[in-house]
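What follows is calculated from the coordinates using simple rules that are stated; it is not laboratory data. Computed from a prediction, not measured in an experiment: that's the story for all the values here. Positions of Cβ are backbone-derived with ideal geometry, glycine not excepted, and every protein chain shown enters the neighbour counts.
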Ligand SMILES: [Zn+2]
């Protein structure tokens, strides 16, 4: 794909996390032209962040080859991707109802597409890692929070208002542990890192001794999921049980997803997925007990080792999105004469109130 003046189109991908923001510039072939990361510092407020990110993009525009750029952005939270609005981000608590795509366009004169970060990560896996080999998949990001992204028929599935794929907040235990979203019994409350650590703290009798023994392998000073992985690697029975239980909880939630969507793959991403070898067997054990066997035999369980799919995926997402828009404009023009029946039977159905 080429820019308006004949230069190659370049995608600028931005992954805004609660702590760090990663930015990358990719050409259509996926070659990395530039990369940068900085502290999000959300406490300084949205206008400050907008100023910093716009300044960076404008400086890149001057030094990158080509004359046409497009921006893709992934951010954790409830995103209205159709209108480029951040409705709510739990990690960036004061950022609410922000028209970020429009603000970025004002500051940089570039088109910007915004998506939920797990959707973008799912798209990154689909395009960059799996090379579009499969059409239907689920991505689940395991970190402090638990995100989900759905690829249906080769595209991100957004649902009716952009909120589809919130796997972390599906309920696995009515009235159960409290989630960071303030509901009780969400999957995240059990398999988000704070849920895992919370369970570990109840089971480990001498926490300082546990950290001293297993934390030193990764210089951990507090009980975290790396410390628990180290302990599992050395055969600690409590750590192994915590990971087994984590797999069981994931298995329960994912079984529902499999029965609803019948995906070809589920891919685990994020820091906690590094412990996958300790929790995957119990996910499979939950799957093995299912009575409808075929979708559970079909689904492949994958673990992504690429920690940068958020920003890479965002760049590719923007490049594909602009390409699709252009194709749609051409098709619309071609179909103009055939649109005579478009209002056919528009009042057959009544809305139920
Ligand atoms: Zn929740």
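Ranking 324, 245, 67, 15 by Cβ neighbours within 10 Å, fewest first, what do you get? Before the final figure, lay out each step's value.
Numbers: 324 11, 245 18, 67 15, 15 27.
Ordered from fewest to most neighbouring Cβ atoms within 10 Å, 324, 245, 67, 15 come out as 324, 67, 245, 15.
Please report how far the C-alpha centroid of region 1-73 lies from that of region 263-299, rounded to the nearest whole angstrom.
What the calculation gives is 35 Å, centre to centre.
Assuming a ≥ b ≥ c are the square roots of the Cα gyration tensor eigenvalues, decide whether region 128-234 counts as rounded (a/c under 1.5), prolate (otherwise, with a/b larger than b/c) or oblate. Intermediate results must be reported in sequence, preceding the final value.
Details: a/c = 3.65, a/b = 1.69, b/c = 2.16.
Verdict is oblate for region 128-234.
Determine, for 170, 19, the number of other Cβ atoms within 10 Å of each Cβ, and report the residues in order from fewest to most. Write out the running numbers ahead of the final one.
Numbers: 170 17, 19 10.
Taking fewest neighbouring Cβ atoms as first place, the list is 19, 170.
Order by neighbour count: 32, 23, fewest other Cβ atoms within 10 Å first, most last.
On the way: 32 14, 23 23.
Lowest count first: 32, 23.
DSSP beta bridges in the chain, what fraction antiparallel, as a percent rounded to 5? Please list the in-between numbers first.
Details: 30 of 52 bridges.
Antiparallel: roughly 60 percent of the beta bridges in the chain.
I need to check one value: relative contact order of the chain, counting alpha carbon pairs closer than 8 Å and at least 6 residues apart, in percent. Mind showing how you got there, number by number?
Details: 656 pairs, mean separation 62.3, N = 353.
Once normalised by length, the contact order is 18 percent.
Note the angle between two axes, namely the Cα long axis of helix 46-63 and the longest principal axis of the Cα atoms of the chain, as a number of degrees from 0 to 90, rounded to the nearest 10.
With rounding to tens, the tilt is 60 degrees.
With the cut-off at 1.5 for a/c, could you classify region 133-303 from its C-alpha gyration tensor as rounded, prolate or oblate? Could the numbers behind the result be given before it?
Working: a/c = 1.98, a/b = 1.71, b/c = 1.16.
Here region 133-303 falls in the prolate category.
Express the relative contact order of region 133-303 as a whole percentage, based on alpha carbon pairs under 8 Å and six or more residues apart in sequence. Walk me through the intermediate numbers first.
Values: 276 pairs, mean separation 38.6, N = 171.
Relative contact order for region 133-303 comes out at 23 percent.
Using the basic label-point model (7 angstrom from Cα toward the beta carbon), what is the residue 181 to residue 38 distance in nanometres?
Here the modelled spin labels are 3.2 nm apart.
Could you tell me which of rounded, prolate or oblate describes region 51-142, using a ≥ b ≥ c as the square roots of the eigenvalues of the alpha-carbon gyration tensor, with rounded for a/c under 1.5 and, failing that, prolate when a/b is larger than b/c and oblate otherwise? Numbers along the way, then the final one.
Working: a/c = 2.28, a/b = 1.21, b/c = 1.88.
Cα axes put region 51-142 in the oblate bin.
Against the longest principal axis of the chain, how steep is helix 193-203, in degrees 0 to 90 to the nearest 10, with axes from Cα atoms?
Taking the Cα atoms of the chain, the angle to 193-203 is about 10 degrees.
Taking the Cα atoms only, what angle lies between the long axis of helix 276-288 and the longest principal axis of the chain, rounded to 10 degrees?
90 degrees
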